[in-house]
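Let me begin by presenting the structure, written as structure tokens, before commenting on it.
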Amino acid sequence: MTYPPTRRLSCPACVRVGTAVAALALFSSAHATNGPMPHGYGIKAMGMGGASIALPQDALAAANNPAGMAFVGNRLDLGLSVVIVDPKSSFGGTEFNGDGVKAIPVPELGYNRVIDDHRSIGISVYGNGVSTVYDTPLLGGRDKDSAKLTQIIASPTYAIQLAPGYALGVSADFAYQRFKVDGVPDALGVESPGADSSTGVGFKLGWSGQVSEQITLGAMYSSRISMGKLKKYSNLLARHGEFDIPERYGIGVAWRPTASIVVAADVMRVNWGDLDSLANALTASEPGFGWRSQTVTRAGVSWQATPALTLRTGVSHGQQIVSRESATLDYLAPVTPQDHFTLGGTYALSKDTEVSVMYARAFGSEVRGSGPSNGVNVDMSQHWVGAAMAFKW
């Protein structure tokens with residue numbers, strides 16, 4: 001049986017960028033809630049419930065809509081979030097806690113450079129992932145059950161303003177992932193084969209247009225990233241170790257009712273159902289998590305309270321991706337939360353430097369198994385706390 005689970009940067013600044021990318025590749029491991037994805041990318045967007053497709057606010061914009069990089073100017077953004085997780089699973093009425101990793105660091109990096117009045121180039125580096133560790137083997141294996149997925153995506157981006165307020169952007173998405181499962185026997189009875197990794201390439205397209213003085217619209221498309229096979233897990237994951245990053249696409253709007261207030265909203269689709277390792281039912285010949293494709297809606301408000309201080313809040317709601325019939329294997333990745341409430345703010349230390357913070361609460365949403373998963377319940381809630389520094393020139 002298969003189980004899933006426009007000025008050049010100075011040399012010192014170049015060193016900072018390279019060091020930050022290396023740190024992301026080594027340490028990023030988000031315990032996310034829209035599948036392995038967080039509710040948003042970038043500390044500012046995360047403080048607004050993730051709403052960002054029509055509202056670029058920093059150099060992480062390429063993760064949300066590459067066209068947004070045309071409007072953020074010359075800047076370097078360095079951020080770090082910490083996720084405090086509380087995953088739970090119960091089998092036959094006995095509850096098990098999977099928060100062996102109490103707090104998970106999630107770094108981020110964005111850099112953008114204006115070439116001229118119309119063009120800019122930049123890069124956004126961000127992460128997905130999931131991490132669950134139990135204190136006991138739940139499926140009768142030798143080792144304690146655990147699963148950890150880390151995905152790092154670097155999106156070098158070119159954006160061009162076609163007319164004032166209108167832009168197109170394109171990103172190449174270079175992805176790296178690391179995967180490890182312990183305590184779960186594969187189809188040959190082998191468990192805990194160790195960590196494996198793979199790489200892949202995709203692309204992202206985006207458009208943004210200020211259609212009136214108050215309204216900006218945005219649209220983005222991110223292709224499926226075909227990752228290399230995880231060979232150590234060829235008898236555990238469907239299609240001989242396949243674990244791709246799904247296609248996603250969305251539209252957004254930003255409304256400025258006053259000079260100091262912005263209201264933004266997005267609708268995004270994530271096609272988890274196209275990935276066999278995640279979408280296959282528990283009863284399939286190659287069982288999976290039974291995840292369904294997901295529509296995410298998110299909205300937020302930004303208020304410039306003073307010339308130096310901006311405050312934010314937002315909400316996000318995603319359709320439940322975990323099916324009741326296939327809940328059994330989701331104890332390894334109980335990504336059940338559907339609703340988020342967020343707060344955030346930015347304080348300008350000077351005209352060239354600012355600090356941003358955010359807090360997000362992902363509320364628990366228990367999925368009670370039925371049919372072949374009867375008696376298995378999975379649930380998870382989270383707290384996110386994050387901060388970022390921005391350097392502008």
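Of the residues in segment 189-223, how many are in contact with a Pro (Cβ under 6 Å, 6 or more places away or on another chain) and modelled with pLDDT of 95 or more? Explain how you work it out, then say what you get.
Step one: filter segment 189-223 for residues in contact with a Pro (Cβ under 6 Å, 6 or more places away or on another chain), giving 191, 204, 206.
Checking the rest, the ones that are also modelled with pLDDT of 95 or more come to 204, 206.
Final tally of qualifying residues: 2.
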> Which condition number in (1) open to solvent by 40 Å² or more (accessible area, probe 1.4 Å); (2) out of contact with any His (no Cβ under 6 Å at 6 or more places or on another chain) is the one that ILE160 fails?
Replying inline: (2)
> Given (1) in a loop (DSSP other than H, G, I, E, B); (2) surrounded by 22 or more Cβ atoms within 10 Å (Cβ to Cβ), where does ASP266 come up short, assuming only one miss?
Replying inline: (1)
>> Among the residues of segment 56-95, what is the count of those that are more than 30 Å from SER208 (Cβ to Cβ) and in contact with a Leu (Cβ under 6 Å, 6 or more places away or on another chain)?
In response: 0
> Tally time: how many residues in segment 308-323 are touching a helix residue (DSSP H, G or I) at 6+ places or on another chain (Cβ under 9 Å) and among the hydrophobic types (A, V, I, L, M, F, W, C)?
Replying inline: 2
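Can you find a residue that is at pLDDT 90 or above, within 30 Å of GLN320 (Cα to Cα) and surrounded by 24 or more Cβ atoms within 10 Å (Cβ to Cβ) anywhere in segment 15-37?
yes
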>> So in segment 174-188, with the set limited to residues that are out of contact with any Pro (no Cβ under 9 Å at 6 or more places or on another chain) and modelled with pLDDT of 95 or more, which one is surrounded by the most Cβ atoms within 10 Å (Cβ to Cβ)?
In response: GLN177
> Cβ-Cβ below 7 Å, separation at least six or inter-chain, first residue in segment 147-173 and on the phi > 0 side of the Ramachandran plot, second crowded, with 17+ Cβ neighbours inside 10 Å and in a strand (DSSP E or B): which pairs?
Replying inline: GLY165/GLY209; GLY165/GLN210
>> The conditions are (1) surrounded by 23 or more Cβ atoms within 10 Å (Cβ to Cβ); (2) over 18 Å from the mean Cα position of the chain (by Cα); (3) modelled with pLDDT under 95, and GLY241 fails exactly one of them. Which is it?
In response: (1)
> For segment 269-292, what are the residues that are in contact with a Lys or Arg (Cβ under 6 Å, 6 or more places away or on another chain) and not in a strand (DSSP E or B)?
Replying inline: GLY273, ASP276
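The values are calculated or read from the model by the stated rules, or taken from the named source; none is laboratory data. Everything quoted here is computed from the prediction, not taken from an experiment. Reconstructed Cβ throughout: ideal geometry from the backbone, glycine too, with neighbour counts over all protein chains shown. When the accessible area is computed, the model is the full protein with side chains, heavy atoms only, and any ligands, DNA or RNA have been set aside. Shrake-Rupley method; radii C 1.70, N 1.55, O 1.52, S 1.80 Å.
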